[in-house]
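Shown next, in structure tokens, is the structure this report addresses.
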Amino acid sequence: MALRIEPFDGAIGAAVIDVDLAQPLEAEERERLIEAWNRYSVLVFRDQQIAPDEFLRYSRYFGDLEVHVLEQYLHPVHPEILVVSNILEYGRNIGIPDAGHYWHTDLSYLDVPSRGSILYAMEIPEADGETLGNTLWASTAAAYEALPEATRAWVDGLQAEYSLSKRFQKLADDGTKHIELSDEQREKTPSVTHPVVRTHPATGRRGILVNEGHTTHIVGMPEDESQALLQELWDHTTKPDFTYCHEWRVGDVVMWDNTLTQHLAICDYALPQRRLLHRTTITGERPY
Ligand code: SIN
């Protein structure tokens with residue numbers, strides 16, 4: 001049976017039906033998925049059962065895979081898989097407990113941020129029949145397109161700084177549980193400069209790259225003006241009109257295109273409610 005792609009009603013996302021990701025895919029199926037990924041930004045597959053090597057084969061259809069800089073959370077056998085989990089074994093986290101409880105675009109703090117990411121859900125917390133630990137995605141393209149023309153023209157020419165270590169420092173200053181970066185990880189992630197608005201390499205669509213998680217300030221702008229503009233863009237981008245909320249089920253695979261999205265993981269659960277997902281990260285290109 002040929003796979004089907006059913007766009008969601010809102011600004012972002014589509015369901016992909018009648019496909020088994022544990023099996024190799026034909027070239028034509030792969031092309032349809034790449035086209036849908038570029039177009040809808042978030043693709044949702046239900047009821048999958050995939051082993052790590054099958055997950056890696058599927059992920060490689062979309063590009064080379066990255067080994068995440070936080071090596072303490074990598075899968076012990078397959079380093080291209082980042083384990084996202086709150087589970088403790090022998091008092092140690094088996095995965096990254098907080099892969100983004102704030103709006104962010106994956107690896108936008110790197111010179112070359114990732115193109116996309118894929119999550120596979122293996123354990124999902126729930127309480128009283130309600131799913132916990134939902135993830136929200138925002139279409140930064142729909143948000144950009146909804147800005148007044150004069151604002152678009154203004155922000156189009158701006159550059160901003162993006163930083164992982166400053167993000168972690170902010171979490172530490174706020175008293176929020178945070179992850180300690182090693183000296184080597186700090187060296188691998190110096191602050192970088194990217195545009196405020198970026199262009200999709202395949203479709204030419206433009207979207208807002210500045211995100212609460214990794215953007216520190218607009219280059220060359222007084223601090224108070226920069227913060228005010230960033231806050232305005234973040235509030236605008238994450239309005240319900242531009243977002244999709246995914247209620248996870250075990251066996252879900254969700255892949256997204258980082259070029260024109262930001263996402264947020266909701267942390268409304270705690271042990272003994274367990275959450276376990278595997279994530280692969282696809283290499284990208286410098287934003288322009
Ligand atoms: C991520 O930001 O890659 C993880 C999102 C999630 O945990 O839902």
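When you scan the stretch 39-55, how many residues do you find that are in contact (Cβ under 8 Å) with a residue 60 or more places away in the chain and open to solvent by 70 Å² or more (accessible area, probe 1.4 Å)?
Of the residues in the stretch 39-55, 4 are in contact (Cβ under 8 Å) with a residue 60 or more places away in the chain and open to solvent by 70 Å² or more (accessible area, probe 1.4 Å).
Quick one: what pairs do we get from the stretch 13-38, first residue closer than 14 Å to ARG57 by Cα, second part of a strand (DSSP E or B), C-beta under 7 Å, 6+ apart or different chains?
LEU21/PHE45; LEU21/VAL253
Residue-by-condition table, conditions (1) within 10 Å of the ligand (Cβ to nearest atom); (2) under 30 Å from ALA11 (Cβ atoms); (3) out of contact with any strand residue (DSSP E or B) (no Cβ under 7 Å at 6 or more places or on another chain); (4) of a type outside the set (Ser, Thr, Tyr):
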| position | (1), (2), (3), (4) |
| --- | --- |
| GLN72 | no, no, yes, yes |
| PRO76 | no, no, yes, yes |
| VAL84 | yes, yes, no, yes |
| TYR90 | no, no, yes, no |
| ASP98 | yes, yes, yes, yes |
| GLU126 | no, yes, yes, yes |
| TYR144 | no, yes, no, no |
| GLU149 | no, yes, yes, yes |
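Conditions: (1) under 19 Å from ALA14 (Cα atoms); (2) touching a Lys or Arg at 6+ places or on another chain (Cβ under 7 Å); (3) surrounded by fewer than 13 Cβ atoms within 10 Å (Cβ to Cβ). PRO240 meets all but one. Number of the miss?
That leaves (2) as the condition not met.
With respect to the numbered conditions (1) within 15 Å of ASP257 (Cα to Cα); (2) modelled with pLDDT of 95 or more; (3) open to solvent by 20 Å² or more (accessible area, probe 1.4 Å), which one is the sole condition not fulfilled by GLU66?
(2)
Look through PRO76, PRO24, PRO97 and report the one residue that is open to solvent by 70 Å² or more (accessible area, probe 1.4 Å) and under 30 Å from GLU187 (Cβ atoms).
PRO76 is the lone residue from the list that is open to solvent by 70 Å² or more (accessible area, probe 1.4 Å) and under 30 Å from GLU187 (Cβ atoms).
The values are calculated or read from the model by the stated rules, or taken from the named source; none is laboratory data. Just so we're clear, the structure is a prediction, and the values are computed from it rather than from any experiment. Cβ atoms come from the backbone with ideal geometry, glycine included; neighbour counts cover every protein chain shown. The protein model used for the area step is the full one, side chains on, heavy atoms only, and it has no ligands, DNA or RNA in it. Shrake-Rupley method; radii C 1.70, N 1.55, O 1.52, S 1.80 Å.
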